[in-house]
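The values are calculated or read from the model by the stated rules, or taken from the named source; none is laboratory data. Remember, predicted model here, so these are calculated numbers, not experimental data. As a convention, Cβ positions derive from the backbone with ideal geometry for all residues, glycine included, and neighbour counts pool all protein chains shown. Just so you know, the surface numbers come from the protein's heavy atoms only, side chains and all, with ligands and any DNA or RNA stripped out. Shrake-Rupley method; radii C 1.70, N 1.55, O 1.52, S 1.80 Å.
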Amino acid sequence: METVTITMKNPPGLFLEADNVSPDTFAGKKAADIAALHAFEGREQTSLGKYFEVSGNGGATAADTRIVVKGDVSRVKYIGMKMTAGEVVIENSPDMYTGAWMQGGKLLVKGSTNAFTGIGMKGGELVIEGDTGNYLGAAYRGDWRGMQGGIIRVRGNAGSDTGYFMNGGTIIVEGNTDVHVGTHMEGGTIIIKGNVPSKVGGQMVEGTIYVFGTIDVMMPGFKFVKDEEMEVDGYKGLFSLFHGDLGERHPKRKGQVVYGKLYQKI
Amino acid sequence: MTEYLIKNGFVFDPVQGIKGDKADVAVKDGRIVTGVSSGAKVIDAAGKTVMAGAVEIHAHIAGPKVNEGRNYRPEDKLFTYTPKSRQSRMAGGFSIPTTFKTGYEYARMGYTTAMEAAMPPLYARHVHEEMRDTPIIDEGAYPVFGNNWFVMEYLKNGEIENAAAYIAWLLRASKGYAIKVVNPGGTEAWSWGLNCLTVNDPVPYFDITPAEIMTGLMQANEFLGLPHSMHVHQNSLGNPGNYTVTLDSLKLAEKIKPNNKFGRDTVLHSTHLQFHSYGGDNWGNFESKSKEVMDYVNRQKNITIDTGCVTLDETTTMTADGPFEHHLTELNHLKWANIDVELETGSGVVPYVYSPDIKVCEIQWAIGLEIALLTKDHMRTFITTDHPNAGPFIRYPRIIKWLMSAEARKERIDSFKHSAKMIDATLIAGMDREISLYELAQMTRAGPAKALGLANLYGGLAPGMDGDVVVYNFNPEKDHKPDEIEKAFSAAAFVLKRGTPVVVDGEIVSNGNKRTLWVDAKTDENPQVMRDIRDKFLRYYSINMNNYEVAGHFLTNPMAIEVDATR
Ligand SMILES: [Zn+2]
């Protein structure tokens, strides 16, 4: 695997749209070609080399390419967008849309990310060591196709609207989240190890949400079913199962109505 | 003004009966002429196809429901934007493009005129504001009449002359072009939570049937002598087994005779026939009835149709057929917008994904193409996608590919997930018919222009007609792979719009000189109708009558088509 290191030397005045920072575009390119790749600062088209010092060459394919992003990237969006393979390591904290529509490979953020991290994600592994913003693993505005596959792990806290319109895959938030978890969810798994204030599983059709901590206000559309012994992300213990959102339509499979499942740790 | 000579192209012009002869086309002062001076700009069209500008007879491209689609579908814009260039503005959107993109994309494909197919009269100003912002193409809009309280009341009492006077007033007030009918009676029934699924289902309260509404509107249309015929989206759209309702509706034209000064010899235009040619009684035994419907259309010479071809894309459905959109959202569970337009109509919007992996979508794809391929008179069948309902209009080149190449259809059928089941439910696999360029010119130019009563201006290359000329990189003497057909019709080599080059090598070079078409029908003074209008505004409308009319400044280069219906 070849490693390309890009180091922020000249931070943008406006926000930089850097969706070309991806193993798929870096693959097969020399450092100079990578520096010439386009980016947008505001409405002006510019190049990555204007902001980043690039060292190392891309591998033959995306899978053979590892990207290390150093320096202050707090004004850089779309890192790892649509990546299908390879690795990206971001040493600090990027702005929005990190790993958006990611399809494969590994993306590690050592700092925190802003909103829309991993939206519409289809596959791969996305790890945030710090916190993240709103709309983690959610759908793009207006879309009904949220996260569909892959795994997202946030070691810190998340904002609101985690897993909005989620259809598949797994989101694990080791800290707390803000309101709205799994709204309009139709599949996949969300594990919140901390607390959630309210609006958990609103208009949820299918899928599974685990909450280890407290839920201040439970949605009225959830009904207690039973207590169950479960193993969830390395923890074994007793959970209360709720079915919901009862105000939403639910499909029937093998004669049984399928509900969204909300498990709360006892 | 600059003169142009488009030299040595293979010309296809149904108006003059030219079937691919090598000929020159001369344009001066915005019109086709017999010859130009030696100073004329020469466009070398050798080895290329030359046709008149194409005419879109039915698309939803301007107004409140289109804009609601844009508004509530930001995801339709994702990754579609192109930055501004020297001659064009920033443009984006896929199934519901911005107004600018609408004008640019039609022009790039060689379309120079397009009709907005459903204008809610109360929101006519919004429709005209968007048309004003749509560059290049000439446009007009059809106000909807099929669920209008005035119309239903006059027709219930058999008052054709009063209905006609009201229609003339509304065309003038809304700056509309033709009588559009959407799910006659059914949209009004929807405000009572009901629908009209046959031509004989009575409309609640008004106690009139869809058959009576359609017949009365055809009579009023011919009483006025409007340029276009009544233009109808029939009842029971999209339902298995609806082809019998379609035939019942089409048969209503048998009793009506055309009366107009525009050379139009038809009295009913049946739109997006694909959605109305379904057999079976559920989605399991859903099948094509294109043959049954087209056998009738081919025989009954006073009707025109458009296809409503399914393009197999993710799109945004939108129609004044409010109950249908509710039905659709119950089927696909995607977001739904709905509005009731006071005394006039209603509307709904729902996104839809026509997937090549879903049997029903595959069958719908086949039916749209079958309708075109079963056509005997190509001056009466027009290619549409009912944009954006069966797919975006930017897919016309792909539909042309499927119609011109049996090989292209076979490739598509072979890669369907349920091709065997699709073949059982349709005729498409057994059809080897390929549409010729002359037939294509009939279906996209001369035919729709004639049906719209605009045969003197559009759809042909005869001297005196508008200087709308298109050159395609397509040599009819050579064999083409299917994708080369699509490519050639996607981006014209040269488009002249009323004497102004608007597209060169597939790129926009000018915002053109668009016009807005509307119909000004003069009728005898009718104090009763004027009293009824004032009365309904006072009692029911949410706005004052003085704020209703679309004033002239809403229209870009207005062109009124005048009709004298005084007796
Ligand atoms: Zn339509």
Quiz item: Just the projected area, averaged over all directions, of the convex hull on the alpha carbon atoms of chain B: how many nm²?
Solution: 23.8
Practice problem: Kindly write out, for segment B:488-502 in residue order, the coupling ³J(HN,Hα) from the Karplus curve 6.51 cos²θ - 1.76 cosθ + 1.60 (θ = phi - 60°), rounded to whole Hz, with x marking Gly and Pro. | Solution: 4, 8, 7, 9, 5, 6, 7, 10, 10, 10, 6, x, 10, x, 10
Self-check item: Relative contact order (%) - segment B:442-528, alpha-carbon pairs under 8 angstrom, separation at least six
Solution: 17
Quiz prompt | Projected area, mean over directions - segment B:400-489, Cα convex hull, nm² | solution = 7.5
Practice problem: Using only Cα atoms, locate the centre of segment A:205-266 and the centre of segment B:129-179, then give the distance between them in Å, rounded to an integer. | Solution: 54
Practice problem: Subtract the Cα-Cα distance of B:T80 and B:D377 from 0.36 nm times their separation in residues, and report this length gain in nm to one decimal. | Solution: 103.1 nm
Exercise. Would you calculate the separation in nanometres between label points at B:Y540 and B:K301, each defined as 7 Å from the Cα along the Cα-to-beta-carbon direction?
Key: 4.1
Exercise. Show me B:43-54, B:85-96 ranked by packing, highest mean number of other Cβ atoms within 10 Å first.
Key: B:43-54, B:85-96
Quiz prompt | For A:132-141, mean number of other protein chain Cβ atoms within 10 Å | solution = 1
Practice problem: Under a cut-off of 17 Å between alpha-carbon atoms, report the lysines in cross-link reach of B:K410, not counting same-chain residues fewer than 8 places apart. | Solution: B:K359, B:K401, B:K421, B:K481
Practice problem: With a 1.4 Å probe and every protein chain left in place, work out the accessible area per residue of segment B:140-451 in Å², rounded to a whole number. | Solution: 29
Quiz prompt | Kirkwood Rh in Å, taken over chain A so that all alpha-carbon pairs contribute | solution = 18.8
Quiz prompt | Reciprocal of mean inverse Cα separation for segment B:28-108 (Kirkwood radius, Å) | solution = 16.0
Exercise. Using 0.36 nm per residue of separation minus the Cα-Cα distance, give me the extension gain between B:L334 and B:A462 in nm, one decimal.
Key: 41.2 nm
Quiz prompt | Area hidden from solvent between A and B (accessible, protein heavy atoms only, 1.4 Å, total, Å²) | solution = 900
Self-check item: log10 of Debye I(q)/I(0), alpha-carbon scatterers only, for segment B:307-368 at 0.15, 0.18, 0.23, 0.29 Å⁻¹
Solution: -0.49, -0.67, -0.95, -1.18
Self-check item: Cα centroid separation - segment B:238-314 against segment B:439-477, whole Å
Solution: 24
Exercise. Determine the shielding of peptide B:327-335 by partner chains: average, over its residues, the number of Cβ atoms on other chains within 10 angstrom of each Cβ.
Key: 1
Quiz item: Expressed as a fraction of 2.2 N^0.38 Å, the rule-of-thumb size for a compact globular protein of N residues, what is the C-alpha radius of gyration of segment B:200-268?
Solution: 1.19
Quiz item: What is the Cα coordinate range of segment B:98-191 on the first, second and third principal axes, sorted by size from largest, in whole angstrom?
Solution: 48, 27, 21
Quiz item: Among the aspartates and glutamates, which fall within straight-line cross-link reach of A:K236, defined as a Cα-Cα distance under 15 Å, with same-chain neighbours fewer than 8 residues apart omitted?
Solution: A:D227, A:E228
Quiz prompt | Nitroxide proxy distance, nm - points 7 Å out along Cα→Cβ at B:W283 and A:K110 | solution = 5.1
Quiz prompt | Two-decimal Rg/Rh across segment B:1-47, once Rg and the Kirkwood Rh are taken from alpha-carbon atoms | solution = 0.98
Quiz item: How much space per residue, in cubic angstrom, does the convex hull of the C-alpha atoms of segment A:215-265 take up?
Solution: 100
Quiz prompt | Percent of C-alpha pairs per 10 Å bin, segment B:522-567, short to long | solution = 21, 34, 40, 6
Self-check item: At R0 = 22 Å, FRET efficiency that the Cβ-Cβ distance of B:M530 and B:K156 yields, to 0.05
Solution: 0.65
Quiz item: For segment B:337-440, what number results from the quotient of the Cα radius of gyration and 2.2 N^0.38 Å?
Solution: 1.24
Quiz item: In bins 5 Å wide, starting from 0, what share of all Cα pairs of segment A:112-265 does each bin hold, as a percent?
Solution: 2, 11, 21, 25, 22, 13, 5, 1, 0, 0
Quiz item: Averaged across the residues of A:142-155, what count of C-beta atoms belonging to other chains lies within 10 Å of each residue's C-beta?
Solution: 2
Quiz prompt | Antiparallel bridge percentage (DSSP; both residues within chain B; nearest 5) | solution = 55
Quiz item: Taking segment B:229-347 on its own, what percent of its Cα-Cα pair distances exceed 22 Å?
Solution: 42
Practice problem: Give the relative contact order (percent, whole number) for segment A:112-265; include only Cα pairs under 8 Å separated by 6+ residues. | Solution: 15
Quiz prompt | Of all accessible heavy-atom area on the protein assembly as shown, the percent that carbon and sulfur account for (1.4 Å) | solution = 47
Exercise. Using just the helices of chain A, give the 222 nm mean residue ellipticity in deg cm²/dmol: DSSP H runs with n ≥ 4 each add -39,500 (n - 2.57), and the total is spread over all residues, rounded to 500.
Key: -500 deg cm²/dmol
Quiz item: Please state the relative contact order of chain B as a whole percent: Cα pairs under 8 Å, 6+ residues apart?
Solution: 20
Quiz item: Rg to Rh ratio, the protein assembly as shown, alpha-carbon atoms and Kirkwood radius?
Solution: 1.01
Quiz item: Which parts of segment B:427-454 would a label at B:E477 reach, counting a residue when its backbone N lies under 18 Å from a point 7 Å out along Cα-to-Cβ?
Solution: B:437-438
Exercise. Could you list the square roots of 5 times each eigenvalue of the Cα gyration tensor of segment B:140-451, that is, the equivalent ellipsoid semi-axes, sorted largest first and rounded to whole Å?
Key: 31, 23, 16
Self-check item: Average accessible area per residue (Å²) across segment A:112-266 - probe 1.4 Å, nucleic acids and ligands excluded
Solution: 40
Self-check item: Peptide ranges A:208-217, B:207-216, A:234-243, A:113-122 listed from the most packed, as the mean C-beta count within 10 angstrom indicates
Solution: A:113-122, B:207-216, A:208-217, A:234-243
Exercise. Using just the alpha carbons, could you tell me how many Å³ per residue the convex hull of segment B:446-567 encloses?
Key: 193
Quiz prompt | Most to least packed among A:14-22, B:99-107 [average Cβ atoms within 10 Å] | solution = B:99-107, A:14-22
Self-check item: With DNA, RNA and ligands ignored, accessible area of B:C309 (1.4 Å probe; Å², nearest 10)
Solution: 0
Quiz item: Mind checking which aspartates and glutamates have their C-alpha under 15 Å from B:K175, skipping anything on the same chain fewer than 8 residues away?
Solution: B:E116, B:E129, B:E130, B:D138, B:E139, B:D520, B:E549, B:E562
Quiz item: Of A:K77/A:K110; B:K291/B:K376; B:K261/B:K450; A:K193/A:K226; B:K261/B:K536; B:K257/B:K291, which pairs sit farther than 23 Å apart, going by alpha carbon to alpha carbon?
Solution: B:K261/B:K536; B:K257/B:K291
Practice problem: Measure off 7 Å from each Cα along the Cα-to-Cβ vector at A:E44 and B:K421, then give the distance between these two points in nanometres to one decimal. | Solution: 5.7
Quiz item: In a solvent-free Debye calculation with one equal scatterer on each Cα, what is log10 I(q)/I(0) for segment A:1-133 at q = 0.09, 0.22 Å⁻¹, listed in the order of the q values?
Solution: -0.20, -1.35
Quiz item: A:R249 to A:S55: extension gain in nm, 0.36 nm per residue of separation minus the Cα-Cα distance?
Solution: 64.5 nm
